[in-house]
Amino acid sequence: GFIGSNLVDRLVRDGHTVRVLDDLSTGRIENLEGLRDSIEFVEGSIENAELEGIYPALEFLKSAKVSQTPRLKGQAVVIGGGNVAIDAAMTARRLGADSVHLVCLESRKEMPAHEWEIAQAEEEGVEIHPRWGLTRFTSTDGRLSGIELKRCVAVFDTQGRFDPQYDASETEVISADS
């Protein structure tokens, strides 16, 4: 099936600010992974997204490639279930994070990342937290201190369209240094 630009409309309607990186003028894109690569959430669309210690995944990976990424310490949390998120999680671990947690909306089976990459990340010590959605970032003295999550009970509607549903009564907070 195809996922149309209605996802962008829904994200905007839900209060997110998005920047389209690819041409979606056809209104169709082949798969969710491709769409995720086409949309960048702009800082400010999630409460406290501007805090020190938060790095957009693609910028983080580009910086790591040219050795400009800060040495990490403490606990890192990566948000997403695709290949870019998996790469960011493994890179954070390799750059010195004591522990890395990957939080995603999808169940383990629904994650769009390649199965072999997910397995490799787990072998390298990345802890995966499936079926959680980001509520907000928490802070101490203007720096990231954690992420607040709510349980994701469904990622897609009955017709297979991206339409995350949450149980806001089930929450979790994960401490984070980056």
Report summary line: Sorting Lys73, Lys65, Lys150 on solvent-accessible surface, 1.4 Å probe, most exposed first, gives Lys65, Lys73, Lys150
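Can you pull the percent of segment 45-178's accessible area that's carbon plus sulfur, 1.4 Å probe, other chains left in place? Working shown, then result.
Values: 3320 of 6910 Å².
That share works out to 48 percent.
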**Report entry** For segment 71-127, diffusion coefficient by Stokes-Einstein and Kirkwood Rh (Cα), 10 °C, 1.306 mPa s, µm²/s
**Finding:** 145
Report task. Would you mind computing, in nm to one decimal, how far apart the modelled labels at Thr158 and Lys62 are, each placed 7 Å from Cα along Cα→Cβ? Result -> 4.3
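Taking the highest mean first, how do the peptides 100-108, 119-127 order by number of other beta carbon atoms within 10 angstrom per residue?
On the way: 100-108: 21.4, 119-127: 15.1.
In descending order of packing, they fall as 100-108, 119-127.
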Report summary line: In Å³ per residue, the alpha-carbon convex hull of segment 48-178 encloses 106
**Report entry** Shape call, segment 46-102: gyration tensor on alpha carbons, a/c limit 1.5
**Finding:** rounded
Report task. Work out the FRET efficiency for Leu51 and Ala168 from their Cβ-Cβ distance, taking R0 = 25 Å, and round it to the nearest 0.05. Result -> 0.65
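The values are calculated or read from the model by the stated rules, or taken from the named source; none is laboratory data. Predicted model only: the values in this text are computed from it and were never measured. Using ideal geometry, Cβ is built from the backbone for each residue, glycine included, and neighbour counts are taken over all protein chains shown. Surface areas here come from the heavy atoms of the whole protein model, side chains and all, with no ligands, DNA or RNA. Shrake-Rupley method; radii C 1.70, N 1.55, O 1.52, S 1.80 Å.
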